[in-house]
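Okay, structure first, notes after.
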Amino acid sequence: MIRLAIQKSGRLSEDSLNLIRECGISFQTSSYRLKTEATNFPLEILYLRDDDIPGYVQDGVADLGIVGQNVLVEAGMPALELEPLGFSKCRLSLAVPRAAGYDSVQDLQGKNIATSYPQILGDYLAERGVKANLHTISGSVEIAPSIGLAEAICDIVSSGSTLLGNGLREVETVFRSEAVLIANQNMSAEKREILEQLQFRMQAVRRARRNKYILLNAPTASLDAVKALLPGIKSPTVTPLAEEGWVSVQSVVNEDDFWHITGQLKAVGAEGILVLPIEKMIA
Ligand SMILES: Nc1ncnc2c1ncn2[C@@H]1O[C@H](COP(=O)(O)OP(=O)(O)OP(=O)(O)O)[C@@H](O)[C@H]1O
Ligand SMILES: O=P(O)(O)OC[C@H]1O[C@H](OP(=O)(O)OP(=O)(O)O)[C@H](O)[C@@H]1O
Ligand SMILES: [Mg+2]
């Protein structure tokens, strides 16, 4: 049995639970129970505050955890990271009141900055030779300038709407973050084996999310152009259509390139383009 710590409730919770479920692992959830056992995989899930997760994994109370890189690095335990998980992408940024002048980070010399990330911010400022007074607060950091607590803040930004709503403007990106899988470094051989199975499944789920299955019809004369646009995993599958001079092509395309490639496929004569989600993708 391996123990995985995830955030009880917050920005990481839903995506963490979805990832485990998409790995084909079944378990019950209830808002009162802080621990559940999977029914078809040797996994126990612990529901914790995200700030506590790196420490628990470091100490071996949990074998694995899912946490934001921002929290991991702030806790001073970056070595626990195993792999990025592709969700809860955000950045840690410095922001100042919209009307305040700002040319460079040197302008923060001697200023008061409110943040929940004094370690990451402290390192960032030290590397640039800036000495500022950091005020550590654990939440609602964006309020600090308007109540006279600080001249600048450093907090998590995603859409930017919290900054906008509080009259602030983003001036520097200090750190980029996403959710990561972390692991205790002294696991038993048995636990390592379970971890490998879990990572294999997580990678198959992530690969599938990044790709789409694509099916289309094309004139045989355009086949070389279509093949060049859709290299696929090894190469595309090509089958003749009942109608002479046409083929059906099946392949896999990266989600990021998808719209761009479909435009080019149409331009070389492709028709009836179908795009399907992939559930699992094993390399
Ligand atoms: N707006 C956002 N968009 C994307 N990811 C975010 C956003 N805000 C936070 N995150 C990521 O999700 C993590 C958890 O954020 P959340 O706001 O739920 O933390 P919290 O309030 O500290 O929760 P807890 O109660 O568990 O301590 C952050 O550490 C960060 O990595
Ligand atoms: O750029 P935005 O999309 O507005 O997101 C940024 C906000 O999201 C997070 O807070 P959250 O909403 O999770 O609330 P919390 O402060 O209670 O953690 C973070 O602390 C920012 O305040
Ligand atoms: Mg927290």
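The values are calculated or read from the model by the stated rules, or taken from the named source; none is laboratory data. Please read these numbers as outputs of a predicted model, since none were measured by experiment. Counting neighbours? That spans all protein chains shown, and the Cβs are built from the backbone with ideal geometry, glycine included.
Within region 154-183, can you find the residues that are within 13 Å of ligand 1 (Cβ to nearest atom), on the phi > 0 side of the Ramachandran plot and in contact with a helix residue (DSSP H, G or I) (Cβ under 8 Å, 6 or more places away or on another chain)? Hits for region 154-183: nothing passes. For Pro118, the conditions (1) within 16 Å of ligand 2 (Cβ to nearest atom); (2) touching a helix residue (DSSP H, G or I) at 6+ places or on another chain (Cβ under 7 Å) all hold with the exception of (2).
The residues of region 1-30 that are within 16 Å of ligand 3 (Cβ to nearest atom) and assigned to a strand (DSSP E or B), listed by number, are Ala5, Ile6, Gln7.
Restricting Ser222, Ser188, Ser248 to residues that are under 30 Å from Gly65 (Cβ atoms) and either more than 25 Å from the chain's Cα centre (by Cα) or assigned by TED's automatic domain parsing to the domain that holds Asn70 (or both) narrows the list to Ser188. Scan region 262-273 for residues that are at pLDDT below 95 and closer than 15 Å to Gly232 by Cα and the total you get is 1. Taking the listed residues Ile25, Ile53, Ile20, the one that is touching a residue at least 12 places away in the same chain (Cβ under 8 Å), out of contact with any Pro (no Cβ under 7 Å at 6 or more places or on another chain) and closer than 21 Å to Ser188 by Cα is Ile53, with no other qualifying.
Within region 147-202, being out of contact with any Leu (no Cβ under 9 Å at 6 or more places or on another chain) and within 16 Å of ligand 3 (Cβ to nearest atom) holds for one residue alone: Ser158. Within 25 Å of Arg210 (Cβ to Cβ), more than 16 Å from ligand 3 (Cβ to nearest atom), acidic (Asp, Glu) and touching a residue at least 12 places away in the same chain (Cβ under 8 Å), is that true of Glu44? The answer is no for Glu44.
One residue alone among Ala126, Ala99, Ala114 is under 30 Å from the mean Cα position of the chain (by Cα), among the aliphatic types (A, V, I, L, M) and exposed (fewer than 14 other Cβ atoms within 10 Å of the Cβ), and that residue is Ala126. In the condition set (1) within 20 Å of the chain's Cα centre (by Cα); (2) outside the structural domain of Cys23 (by TED's automatic domain parsing), Gln109 is compliant with all but (1). Of all the numbered requirements in (1) within 16 Å of ligand 2 (Cβ to nearest atom); (2) surrounded by fewer than 18 Cβ atoms within 10 Å (Cβ to Cβ); (3) over 30 Å from Pro277 (Cβ atoms), Asp52 misses one, and that requirement is (2). In region 133-143, the condition of being under 22 Å from Arg11 (Cβ atoms), surrounded by 18 or more Cβ atoms within 10 Å (Cβ to Cβ) and at pLDDT 95 or above is met by at least one residue. Within region 59-94, if we keep just the residues that are away from ligand 1 (no atom under 14 Å from the Cβ) and among the small types (Gly, Ala, Ser), the residue that is farthest from Asn186 (Cα to Cα) turns out to be Gly76. Of the numbered criteria (1) within 16 Å of ligand 3 (Cβ to nearest atom); (2) free of Cβ contacts under 8 Å to residues at least 60 places away in the same chain; (3) not charged (D, E, K, R), the one Gly65 fails is (2).
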